[in-house]
Amino acid sequence: MEHWVRVIYDSTSRFKKLDESVLPNHEVYSTDYESRVIHIPLQRELTAKESDEYAGRLANYLFEQGLEDFDID
């Protein structure tokens, strides 16, 4: 089973890319609905608490990088 986090945002966003040194294994792809998806693989399944903490840290990082409107799945 693969474990992952996905960040979905509007493809018209001025956001370009993430720093490879921070998230080295991520992939970015487009959907049919004018969205872009950042796919971040995880080593293992996270607990509910770990998941909330990871999403919070990831959201803060994305805000620092200039991405303002996104969903984390």
So in the stretch 54-67, with the set limited to residues that are open to solvent by less than 50 Å² (accessible area, probe 1.4 Å) and in a loop (DSSP other than H, G, I, E, B), which one is farthest from Arg6 (Cα to Cα)?
Gly66
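Taking the condition of being at pLDDT 90 or above and more than 18 Å from Asp71 (Cβ to Cβ), how many residues in the stretch 4-24 meet it?
So in the stretch 4-24, the residues at pLDDT 90 or above come out as 4-10.
So of that shortlist, the ones also more than 18 Å from Asp71 (Cβ to Cβ) come out as none.
Total satisfying the criteria: 0.
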Please specify each residue of the stretch 1-40 satisfying the condition of being part of a strand (DSSP E or B), open to solvent by less than 50 Å² (accessible area, probe 1.4 Å) and touching a residue at least 40 places away in the same chain (Cβ under 8 Å).
His3, Val5, Val7, Tyr9
I'd like to know if the stretch 42-53 contains one or more residues that are in a helix (DSSP H, G or I) and of a type outside the set (D, E, K, R).
yes
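The values are calculated or read from the model by the stated rules, or taken from the named source; none is laboratory data. Since the model is a prediction, treat every value here as computed from it, not as a measurement. Cβ: placed from backbone, ideal geometry, glycine included. Neighbour counts: every protein chain shown. Heavy atoms of the whole protein, side chains included, go into the accessibility calculation; ligands, DNA and RNA do not. Shrake-Rupley method; radii C 1.70, N 1.55, O 1.52, S 1.80 Å.
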